[in-house]
Amino acid sequence: QLPLVESGGGLVQPGGSLRLSCAASGSISSFNFMGWYRQAPGNQRELVARITMSGITNYLGSVKGRFTISRDNAKNTVYLQMSSLKPEDTAVYYCNAWEPGMNYWGQGTQVTVSS
C-alpha cells in the first residue's frame, strides 16, 4: 500500500491560483507515472496531468499552459500548480501513483472556482 494524501484545495475566484500537493507515505521514485485526476459531479474521472519517472509531462488539453505538474522524489511529493482557474475546473482532484501491478489513489481534495 502507498497512502497518498492530497492537500491545497479550496475556494478560489476565477483567474486565481492554487497549488495542490500529494504526499506519499513511501517512495514514489519507482512509480512510472504520478498523476492528477479530477472528477466533477455527474462526470467521469479524467486525467488532468501526469509526470513520468524521467520528468516527461502531459496534460489535458483544456489545462495546458495553465497547470504545471512536478514531482520531488526526495520529498515523496507531487505538486499541481494551477493558475488562471476557471469555473469549469471545479472538481475533486485526486492524486494517482501507477506502475505495472500497482495503482494507488488518494482521497481527493475539493477545488471550487467561483466568484
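Would you check if there is a residue in segment 54-68 being touching a Ser or Thr at 6+ places or on another chain (Cβ under 7 Å), within 18 Å of residue 24 (Cβ to Cβ) and of a type outside the set (Asp, Glu)? For segment 54-68, residues touching a Ser or Thr at 6+ places or on another chain (Cβ under 7 Å), within 18 Å of residue 24 (Cβ to Cβ) and of a type outside the set (Asp, Glu): absent.
Looking at 85, 80, 60, which one is surrounded by 15 or more Cβ atoms within 10 Å (Cβ to Cβ) and either over 20 Å from residue 11 (Cβ atoms) or of a type in the set (Phe, Trp, Tyr) (or both)?
So the residue among 85, 80, 60 that is surrounded by 15 or more Cβ atoms within 10 Å (Cβ to Cβ) and either over 20 Å from residue 11 (Cβ atoms) or of a type in the set (Phe, Trp, Tyr) (or both) is 60.
If you take just the strands (runs of 3 or more DSSP E) that sit entirely in segment 1-107, which of them hold at least 3 residues that are under 13 Å from the mean Cα position of the chain (by Cα) and in contact (Cβ under 8 Å) with a residue 60 or more places away in the chain? Even if it seems obvious, please write down each step before you answer.
On the way: elements: 4-7, 10-12, 18-24, 33-39, 46-52, 57-59, 67-72, 77-82, 91-99, 102-105.
Filter on segment 1-107 gives 4-7, 18-24, 33-39, 77-82, 91-99.
Screening the candidates 90, 52, 68 for the property of being more than 18 Å from residue 103 (Cβ to Cβ), of a type in the set (Val, Ile, Thr) and open to solvent by less than 60 Å² (accessible area, probe 1.4 Å) yields one hit, 90. Tell me, yes or no, whether segment 36-48 has at least one residue that is modelled with pLDDT of 95 or more, open to solvent by less than 60 Å² (accessible area, probe 1.4 Å) and touching a helix residue (DSSP H, G or I) at 6+ places or on another chain (Cβ under 7 Å). Yes: one or more hits.
The values are calculated or read from the model by the stated rules, or taken from the named source; none is laboratory data. Treat the numbers as computed from the prediction; the structure is a model and nothing was measured. Positions of Cβ are backbone-derived with ideal geometry, glycine not excepted, and every protein chain shown enters the neighbour counts. Remember, those area values only see protein heavy atoms, side chains included, never the ligands or the DNA or RNA. Shrake-Rupley method; radii C 1.70, N 1.55, O 1.52, S 1.80 Å.
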